[in-house]
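Scroll down for the structure; my scribbles are underneath it.
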């Protein structure tokens with residue numbers, strides 16, 4: 001079959017065009033660092049990658065929730081620690097007040113005044129906030145929970161609502177704690193101790209009763225702090241699990257999506273070499289055909 005000059009040129013252009021398409025595609029993949037340039041390149045792989053990315057987005061939402069929950073719990077834990085410190089100091093003062101060597105003037109003024117200051121501190125701690133929201137108000141995040149309506153009466157303006165937070169798929173935790181059962185016994189025991197110390201006729205039994213109430217109130221603080229610590233560890237464990245899952249998913253995504261650069265560059269160089277070879281062979285063939293036509 002006779003090969004025409006134009007046919008040779010057309011075949012050469014077709015080969016070179018296909019080769020250039022391959023080169024351009026490889027260059028685009030290398031620039032993007034991705035195996036596929038569009039979903040149609042590998043629909044199954046793209047669908048699986050989208051599912052993984054959706055899971056990663058959900059995990060990021062859990063991570064944000066966990067961070068906020070952890071910060072809130074840390075603020076609450078610090079407040080409970082302050083209550084414990086105040087309670088220990090109050091135990092020491094009341095013990096001194098129960099001593100027979102303590103003078104009535106010191107009881108009525110120095111000790112009673114310090115206990116009164118502790119009452120104010122406990123109320124202030126009960127009104128602690130985190131990012132503008134009251135920690136110990138239940139659902140009433142923007143209502144000051146504790147108010148002393150008079151020197152002997154503590155009013156709680158919050159509620160017993162428990163703030164649930166989703167910290168991982170299928171896992172939630174209570175972020176706050178029931179505040180009134182923690183703060184009221186502590187404040188009322190301190191009020192009873194202060195009043196007993198201020199009494200003109202020292203009532204040892206009243207002060208001893210206040211001491212017993214204070215110890216019971218501190219036990220409640222300890223129990224709540226222990227429970228809070230357990231939930232804080234749950235949040236940390238959930239965060240650690242999210243970290244591990246994210247690492248695994250990102251590794252799988254990288255294997256599915258990321259281009260093997262060394263391999264791609266090798267292929268690109270091969271295509272460029274092929275292009276040059278086809279170009280040279282075609283040039284020689286066309287030149288030979290032209291010479292043949294001339295001689296003929």
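No lab work stands behind these numbers, since they all come straight from the coordinates. Nothing here was measured: the structure is a model prediction, and the numbers come from that model. When we count neighbours, we look across all protein chains shown, and the Cβ atoms used for this are built from the backbone with ideal geometry, even at glycine.
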Residue 124-residue 61 FRET efficiency (beta carbon distance; Förster radius 35 Å; 0.05 resolution): 0.50
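Any chance you could run the full-extension gain for residue 89 through residue 252? It's 0.36 nm times the residue separation minus the Cα-Cα distance, nm to one decimal. Please list the in-between numbers first.
Numbers: separation 163, 0.36 × 163 = 58.68 nm, distance 5.64 nm.
Full extension of this stretch gives 53.0 nm more.
Full-extension gain between residue 113 and residue 82, please, as 0.36 nm times their residue separation minus the C-alpha to C-alpha distance. Please report the intermediate quantities before stating the final value.
Values: separation 31, 0.36 × 31 = 11.16 nm, distance 1.91 nm.
My answer for the length gained is 9.2 nm.
Of the peptides 191-201, 150-160, how do they stack up when ordered by the mean number of other Cβ atoms within 10 Å, highest first? List each step's numbers first, then the result.
Numbers: 191-201: 19.2, 150-160: 14.3.
Result, highest mean Cβ count within 10 Å first: 191-201, 150-160.
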Residues listed by number, the stretch 208-240, amide nitrogen under 18 Å from residue 100 label point at 7 Å toward C-beta: 208
Compactness of the stretch 51-252 - radius of gyration and Dmax, Cα, Å: 21.5, 78
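Sort 104-113, 132-141 by the packing proxy (mean of other Cβ within 10 Å over each peptide's residues), most packed first.
On the way: 104-113: 15.5, 132-141: 18.2.
Those peptides, ordered most packed to least, come out 132-141, 104-113.
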